[in-house]
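Notes to accompany the following structure.
The values are calculated or read from the model by the stated rules, or taken from the named source; none is laboratory data. Given the structure is predicted, the values throughout are model-derived calculations rather than measurements. As a convention, Cβ positions derive from the backbone with ideal geometry for all residues, glycine included, and neighbour counts pool all protein chains shown.
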Amino acid sequence: MKTKLFFAAVLILFLFNACTEDETSDVRYNEMYLAALMDSGQDNYEDSYRENYNDYEENPFIKVSDQPVSTFSVDADGGSYANMRRFLYLGQTPPKASVRIEEYLNYFTFDYAGPTNGENVSLNSEIASCPWNTDHYLMRLGMKGKTIPENELPNSNYVFLIDVSGSMNSPEKLGILKSGFKTMTDNLKDQDKIAIVTYAGEAGVLLPSTYGDEKDKIKEAINKLGAGGSTAGAAGILTAYDIAEENFIQDGNNRVILGSDGDFNVGPSSTDELVELIEEKRESGIYLTVLGVGSGNLNDHMMEQIANKGNGNYEYIDNANQIQKVFTHEFGKFFTVAKDSKIQLTFNENRVDSYRLIGYENRSLENEDFENDSTDAGEIGSSQTITALYELVLTDGTTNEKFAQFDFRYKKPNASESQLIKHEVNGTTLDIAASSENMKFAAAVGGLGLIMKQSEYKGTASKELVLDLLENSVSFDPFGYRHEFVELVSDWHE
């Protein structure tokens, strides 16, 4: 009886808050509702909490003698990490299919030196002992995008594409998007332009392209947003790209920013259909950012894929702090400095017996794609860092030869031809305890990812191991996200 009363009380609280205009309040009302469903033993809990993920098979160990070359696209997303955080705050373990370890790593900024010699990307590397398998080693690859000073940022042409269908009617969905877009509006320059397209049963233009010096007008339009109806996502995408093309700024930052739970159900709505649509539109020179929100019906797989194929990135917004991260602290990510960025590692058989790329399972490329400039790959924003980890089995021999050749190919924003940067992975292997802060922190994040992935390669990875690695690897923490990670792991019940 008490459980049922508790459930009823939380449900009433959820419904009350869902009807308020307070977008800046705590955004976990729906999670409270779902937790109450769990505690109440309601039979329809599973029906209320269906989310769509794609479980990519983990990369295996590969013998260098069989396949010395490894090629993949960069991934600048952070959505999987923020989604994992939502589950841990609920006292739950995220579905293993939701775990993309590369997005755990790339949620964080690393302390990498910026590029020089006219390049838009810098490269670095390091090898240390593997903390979850003492017979193995970890190789960290680091990349950093050129920093564009704020006063040199190009003018922007944004189109906010906002899902206002019935499934979005809660503070943790439409409410948090409204708050985020108002925060972004505050960051606009007077010469920037912004339009707002909404979609439910059909697409509509809430605000034609408007200059950034009319912030009150823009925010007034955002305040009018309300949810209801079915979801014609494809129609909204077409309308948004049309407006972005009409207002295209040559040599500027042209970008559609889609906010949704991904529950498209009118018109073309399958992941394959939407990916095909986005692939057609990316040739227009317009970038795409996808913001996932909410729970219960989150279509993570679809949104991650259209961001991947649309020259863009995917972020999940689970709380108000994440709004600040995406729209203020890492605002530079909206300004691409390297597009179609690809990585190719050629391992030295004399130093490396076998290797395994940790994560990036859905970013693999054929080796011949590396030099093919028509092959789509990932984008890197201003000041953004990218990190990749390989787990290695080294040979028994001693030699001073390099471990691997690290080649990186990318296009500058307005270029059609790629350029190549080369970096040799060499030097002395270190014990993980003596390695750099960048290395220890990457190992900690990767280790937690292996646990959440329920990986067959996790070895001795544990909460205690992750916390040990974090103990001396959080001094570089510009906005406090590393310390938040320490708290998250500390409070997690393994």
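Annotation: of all residues in region 366-422 being more than 22 Å from ALA128 (Cα to Cα) and among the basic types (Lys, Arg), the one that is surrounded by the fewest Cβ atoms within 10 Å (Cβ to Cβ) is LYS412.
Taking every residue in region 451-465 that is touching a residue at least 40 places away in the same chain (Cβ under 8 Å) and pairing it with any residue that is assigned to a loop (DSSP other than H, G, I, E, B) and among the aliphatic types (A, V, I, L, M), at least 6 positions away or on another chain, the pairs with Cβ-Cβ distances below 6 Å are ILE451/ALA461; MET452/VAL99; LYS453/VAL99. Quick one: in region 51-94, which of the residues that are in contact with a His (Cβ under 6 Å, 6 or more places away or on another chain) and in a loop (DSSP other than H, G, I, E, B) is farthest from PHE370 (Cα to Cα)? So, considering only residues that are in contact with a His (Cβ under 6 Å, 6 or more places away or on another chain) and in a loop (DSSP other than H, G, I, E, B), the one farthest from PHE370 (Cα to Cα) is TYR53.
No other residue among GLY310, GLY296 is at positive phi and either out of contact with any Cys (no Cβ under 7 Å at 6 or more places or on another chain) or small (Gly, Ala, Ser) (or both) apart from GLY296.
Here's the yes/no breakdown for (1) outside the structural domain of TYR158 (by TED's automatic domain parsing); (2) in contact with a Lys or Arg (Cβ under 8 Å, 6 or more places away or on another chain); (3) under 20 Å from ALA200 (Cα atoms); (4) modelled with pLDDT of 85 or more:
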residue: ALA234; (1), (2), (3), (4): no, no, yes, no
residue: ILE243; (1), (2), (3), (4): no, no, yes, yes
residue: THR271; (1), (2), (3), (4): no, no, yes, no
residue: VAL293; (1), (2), (3), (4): no, yes, yes, yes
residue: ASN299; (1), (2), (3), (4): no, no, yes, yes
residue: MET303; (1), (2), (3), (4): no, no, yes, yes
residue: LYS325; (1), (2), (3), (4): no, no, no, yes
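Scanning region 207-232 for residues that are at pLDDT below 90 and of a type in the set (A, V, I, L, M) yields a count of 3.
Filter region 327-356 down to residues that are closer than 28 Å to THR375 by Cα and among the aliphatic types (A, V, I, L, M) and give me whichever is surrounded by the most Cβ atoms within 10 Å (Cβ to Cβ). Residue satisfying both the conditions and the ranking: ALA338. Has region 257-266 got any residue that is more than 19 Å from the chain's Cα centre (by Cα), farther than 22 Å from GLU361 by Cβ and at pLDDT 80 or above? The answer is no; no qualifying residue exists.
Scanning region 134-146 for residues that are surrounded by fewer than 17 Cβ atoms within 10 Å (Cβ to Cβ) and either more than 24 Å from SER435 (Cβ to Cβ) or in contact (Cβ under 8 Å) with a residue 40 or more places away in the chain (or both) yields one hit, ASP135. When GLY180 is tested against (1) touching a residue at least 60 places away in the same chain (Cβ under 8 Å); (2) assigned by TED's automatic domain parsing to the domain that holds LEU420, exactly one condition is not met: (2).
Per the conditions (1) surrounded by fewer than 20 Cβ atoms within 10 Å (Cβ to Cβ); (2) aliphatic (A, V, I, L, M); (3) not in a loop (DSSP other than H, G, I, E, B), the sole criterion not satisfied by VAL474 is (3).
Residues in region 115-133 that are assigned to a loop (DSSP other than H, G, I, E, B) and in contact (Cβ under 8 Å) with a residue 60 or more places away in the chain: GLU119, ASN120, CYS130, PRO131, TRP132, ASN133. Residue-level check: of (1) within 22 Å of the chain's Cα centre (by Cα); (2) at negative phi; (3) free of Cβ contacts under 8 Å to residues at least 60 places away in the same chain, GLY480 misses just (2). Against the definition (crowded, with 24+ Cβ neighbours inside 10 Å and farther than 29 Å from MET84 by Cβ), how does VAL425 come out, yes or no? Considered against the rule, which asks whether it is crowded, with 24+ Cβ neighbours inside 10 Å and farther than 29 Å from MET84 by Cβ, VAL425 comes out as yes. Between SER80, SER73, SER65, the distinction of being surrounded by fewer than 24 Cβ atoms within 10 Å (Cβ to Cβ) and in contact with a helix residue (DSSP H, G or I) (Cβ under 9 Å, 6 or more places away or on another chain) belongs to SER73 only.
Of the candidates LEU430, LEU450, the single residue that is in contact with a strand residue (DSSP E or B) (Cβ under 8 Å, 6 or more places away or on another chain) and buried (at least 18 other Cβ atoms within 10 Å of the Cβ) is LEU450.
Scanning region 176-209 for residues that are surrounded by fewer than 19 Cβ atoms within 10 Å (Cβ to Cβ) and more than 22 Å from ASN319 (Cα to Cα) yields LYS189, ASP190, GLN191, GLY201, GLU202, GLY204, VAL205, LEU206, PRO208, SER209. Return the residues of region 281-295 that are farther than 23 Å from PHE327 by Cβ and buried (at least 20 other Cβ atoms within 10 Å of the Cβ); say none if nothing qualifies. If the condition is that a residue be farther than 23 Å from PHE327 by Cβ and buried (at least 20 other Cβ atoms within 10 Å of the Cβ), then LYS281 is the only one that fits.
The criterion of at least 1 residues that are touching a His at 6+ places or on another chain (Cβ under 6 Å) is met, among strands (runs of 3 or more DSSP E) falling completely within region 348-447, by 385-394, 404-411.
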